[in-house]
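Presented below is the structure to which this report refers.
The values are calculated or read from the model by the stated rules, or taken from the named source; none is laboratory data. Note that the structure is predicted; figures quoted are calculated from it, not measured. Every residue, glycine as well, gets a Cβ built from its backbone with ideal geometry; the counts of neighbours run over all protein chains shown. Heads up: the accessible areas ignore ligands, DNA and RNA and are worked out on the full protein's heavy atoms, side chains in. Shrake-Rupley method; radii C 1.70, N 1.55, O 1.52, S 1.80 Å.
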Amino acid sequence: LQTCSFFDFKDSKSHMLNTSDPSYLSLMLPMIPYILAAVPVVGYGLYATKSNHDKESKKTQDLVTHLELDEFKTLELNTMLQWSSLMYYLVTLRGIVRKHKNKVDFVQPELIVSQHLDKDVNPYDHTHLKKMITATDILNFMKLNQKYLVSDDGGLEFNEKASGRADLDSDGQADVEMMQRLEQVDDEFDADIIEFDDEFCDDGMDSELVFCIIVNRTEKRVAVCFRGSVSMKDWVVDLSGTKSKPEQIKEFTNDTGAEIHTGFSEYLFGKTNEDGDGYTKFTQIVMILKQVAKKHPDFKIYVTGHSLGELRRLCFSFPRDFVYSLAIFPISFQTGGALTQLLAFALAGSKESADLPKPIIAVSYASPRVGNKGYLEKYKQLEKEGLLRHIRVSNQGDIVTVSPSMGFYQTGLNIHVAEGKEVEIGYCKDRSFMSQLNTNALGNHGLPTYHGRLFISRNTT
């Protein structure tokens, strides 16, 4: 998950904080006392997360792999996680190709990067992909380029030994588990990735959200998947915690006075860097979903996302990223879940998406709070009218799920998991910030922890 990483500033000067910029300084100065106060807690949390990883990670991963391959594989919650994971694999591989294409000659890179193909064979308009991508395409690319890939803490990185060596044979070793999961997805689902937008994921303060759209013919679903982001824009803009009311939300929420987090709003409803009409990401997504709905009128629309971000790397790079973790956590790991519930909300209520089949179904993991009390009331209203459904999974000790803490509220049917306990289920159930404080906040935000606590037998009875 090295692509679009704030921590990869060593290879990109665009990530560096310009301390002479008054706008950055004005945001950061009020945070200094809080950052200093957090040093002991976060420091111990990073230490605890790292020390416990070796003895727990294999057990957790074995459990996750077993459950995904066995009895829970057809559950709605797990299916959404599988598609989100598929997206992360593709993000990683595309980033490796873009970053190192001048160092080595990748074999058939067009399997996963089709934007630059001469011929557009994608049947859907307004997409960046000129060719749809399948799990088979991703798997074949990994097999063909295995010598250029190495596993790193459960993810993939470029094999630096391969740089400039055409004769390299077997130094690289792609992630075996990742390839097994791709084979599983390919065997069980007739599905295509029809859109993958990561064009501006690494543009500093001009970075944009990363999403993909998957058409799953086996389960008759179309899923919009968001990737949690850790760009400079995330932690500078989102740090303010201000609220706004974009026109796309204002048009159907005047009765409740809904306002949403400015940072999340800008990602979805702000103008993009695209040449031409300057569509918002929301409009781009709606245009593609309308085409899918016309071709597959009986398909349900899902929105999903979780906050994998750079959590794993942060936990294993102590103390190099220690200072940065104080500034960006919990805000920079939360965009995936936040955009999930926000997009579903807009699709359910906006006139622009009125023709789409309802209800819009959101399945979010580790989502933060997104809007004010008026946003919550409108969310409830849309759910009562059968236009929207939000399943929100949270984990005990994950402080992202209770952030921002002042003037923001949680939505949806909450499934709350905790170690050694049965799940707690409650509608619009929210928890206090203090109830989630702990010394292992990073670990409790991780996807393996969510998996291990949710997909167990006692939670299905």
Restricting to segment 389-417, what's the tally of residues that are farther than 18 Å from His261 by Cα and in a loop (DSSP other than H, G, I, E, B)?
-> 3
Go through the residues of segment 418-427 one by one and say whether even a single one is at pLDDT 85 or above, closer than 18 Å to Glu76 by Cα and in a loop (DSSP other than H, G, I, E, B).
-> yes
Restricting segment 111-126 to residues that are open to solvent by less than 70 Å² (accessible area, probe 1.4 Å) and modelled with pLDDT of 90 or more, which is nearest to Leu144 (Cα to Cα)?
-> Leu111
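Pick out the one residue from Phe318, Phe322, Phe269 that is of a type in the set (Phe, Trp, Tyr), surrounded by fewer than 24 Cβ atoms within 10 Å (Cβ to Cβ) and either closer than 17 Å to Ile249 by Cβ or modelled with pLDDT of 90 or more (or both). Explain how you work it out, then say what you get.
Working: Phe318 fails: either closer than 17 Å to Ile249 by Cβ or modelled with pLDDT of 90 or more (or both); Phe322 fails: either closer than 17 Å to Ile249 by Cβ or modelled with pLDDT of 90 or more (or both).
The conditions single out Phe269.
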Among (1) free of Cβ contacts under 8 Å to residues at least 60 places away in the same chain; (2) open to solvent by 10 Å² or more (accessible area, probe 1.4 Å), Leu388 falls short only on (2)
With the first residue restricted to segment 434-451 and required to be farther than 16 Å from Lys421 by Cα and of a type in the set (A, V, I, L, M, F, W, C), and the second required to be open to solvent by 10 Å² or more (accessible area, probe 1.4 Å) and at pLDDT 70 or above, Cβ contacts under 7 Å at 6 or more apart or on different chains are Leu437/Ile399; Ala441/Ile399
Give the residue that is farthest from Gly386 (Cα to Cα), with candidates limited to residues of segment 353-366 that are free of Cβ contacts under 8 Å to residues at least 60 places away in the same chain and not in a strand (DSSP E or B).
-> Ala354
The one condition in (1) modelled with pLDDT of 95 or more; (2) open to solvent by 10 Å² or more (accessible area, probe 1.4 Å); (3) of a type in the set (A, V, I, L, M, F, W, C) that Ile331 fails to fulfil = (1)
